[in-house]
1. Of the conditions (1) outside any loop (DSSP other than H, G, I, E, B); (2) more than 16 Å from the ligand (Cβ to nearest atom); (3) surrounded by fewer than 18 Cβ atoms within 10 Å (Cβ to Cβ), residue 355 clears all except one; give me its number.
2. Could you tell me whether any residue of segment 358-367 is within 16 Å of the ligand (Cβ to nearest atom), under 30 Å from residue 296 (Cβ atoms) and surrounded by 15 or more Cβ atoms within 10 Å (Cβ to Cβ)?
3. Please note which strands (runs of 3 or more DSSP E) are completely contained in segment 370-447 and include at least 2 residues that are within 16 Å of the ligand (Cβ to nearest atom).
4. Among (1) touching a helix residue (DSSP H, G or I) at 6+ places or on another chain (Cβ under 6 Å); (2) crowded, with 17+ Cβ neighbours inside 10 Å; (3) part of a loop (DSSP other than H, G, I, E, B), which single condition is residue 326 missing?
5. Does segment 236-252 contain at least one residue that is closer than 30 Å to residue 377 by Cβ and assigned to a helix (DSSP H, G or I)?
6. Quick test of your reading of the structure: residue 275 fulfils all but one of (1) more than 16 Å from the ligand (Cβ to nearest atom); (2) surrounded by 20 or more Cβ atoms within 10 Å (Cβ to Cβ); (3) over 23 Å from the mean Cα position of the chain (by Cα). Name the failing condition by number.
7. List the number of the failed condition for residue 283; all other conditions in (1) in contact with a helix residue (DSSP H, G or I) (Cβ under 8 Å, 6 or more places away or on another chain); (2) under 22 Å from residue 138 (Cα atoms) hold.
8. For residue 436, all conditions in the list (1) modelled with pLDDT under 70; (2) surrounded by 15 or more Cβ atoms within 10 Å (Cβ to Cβ) hold save one; what is the number of the exception?
Ligand SMILES: [Zn+2]
């Protein structure tokens, strides 16, 4: 595909005209009083000569506080300290903080993965997420920039991952008074599907696609984040999968109906709900309970045919069949907003299909004409894959690349104990860091870090999701 005549004059930076999304949305977290806390070592500290946390006095904060390795060899660089600045959000599992990388003064996001070694299931889940974050290489998928140096294995309790810091997320944008034009919606939806195609091509189901897990910058760059519930696709339909996935408003009907095996179509459903939410600026199916959620879906799509209920559990099937027969009322989608054009509603209706087997795939959705303008805009001035020369723009050969290889999870079968998992994760992080820059670690003495630990503990006690394979 050639975009002749599309030069750099297309101003993507103006997608939020007259305002600075960064200032309006940046961090968005309640003030902790720590926002202005400067980084202790800061950009001025020369790399390679950082202060050592253990040299700051005090005995550290107990086993939960990461301690650096002692440096056995002089050629091994000392770890640079990293002090959390302020919290920016909570994922399905873990807390995210905005921090300053002392090596270059760059603001990055620090995610703490707590309670890693409580049991084998959480150990596997965290290792999976960690490996995924290190596996991803796609502009619309958040990946690990670095992993903090773990302490010696006896004190190894938590994992800290550094990712790129994004300014806001789609939930905050949708509920803000910020104008959302059709151009915004197209370029956001294009990037969501572009990232999703990559994930699905790697055999990964995200299982918690929602506006809060779609990070955005003021230039409208979007990245899918939070892989705490992600897993590899299950090819064997006889293997049961958990239904404790996806925030209810974005949960696909097959999951609501207790289907024991599902695939990547559940993520496409979530994207359809988000597409409608971008158009209407309100949650499409906002129910109080899973049953009511299913009722709202059938109010819009009509009573599903029996063939779409094949995998439903007995109770869900009975609920649908004993209710009144509902005709579809899809025409209400045109009333979402002025942006709900025929093309938009057509694509929306291909995503919001009750039967997952008939729902459009993420990859096919990208071919829908509604997304042509989003693709053009993205590759004209937002992407990393195309570039400009004096005579115009040189476009990449593959606008929506798939993963180079599937994500491998074969290691999980050989993971049989928490201790073995601890060793494997420790080795994985250590090997991942080899040959990289000065390793980073937390400064456990800082006031900000103590707040970080407390907020994490508070959050951890609230997380009690059922775990699964
Ligand atoms: Zn490009």
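1. Of the numbered conditions (1) outside any loop (DSSP other than H, G, I, E, B); (2) more than 16 Å from the ligand (Cβ to nearest atom); (3) surrounded by fewer than 18 Cβ atoms within 10 Å (Cβ to Cβ), the odd one out for residue 355 is (1).
2. Yes: segment 358-367 contains one or more residues that are within 16 Å of the ligand (Cβ to nearest atom), under 30 Å from residue 296 (Cβ atoms) and surrounded by 15 or more Cβ atoms within 10 Å (Cβ to Cβ).
3. In segment 370-447, the matching strands (runs of 3 or more DSSP E) lie at 387-389, 392-394.
4. (2)
5. yes
6. Condition (3) is where residue 275 drops out.
7. With (1) in contact with a helix residue (DSSP H, G or I) (Cβ under 8 Å, 6 or more places away or on another chain); (2) under 22 Å from residue 138 (Cα atoms) applied to residue 283, the lone miss is (2).
8. (2)
The values are calculated or read from the model by the stated rules, or taken from the named source; none is laboratory data. Only a predicted model underlies this, so the values are computations on that prediction, with no experimental measurement involved. Every residue, glycine among them, receives a Cβ derived from its backbone with ideal geometry; neighbour counts consider all protein chains shown.
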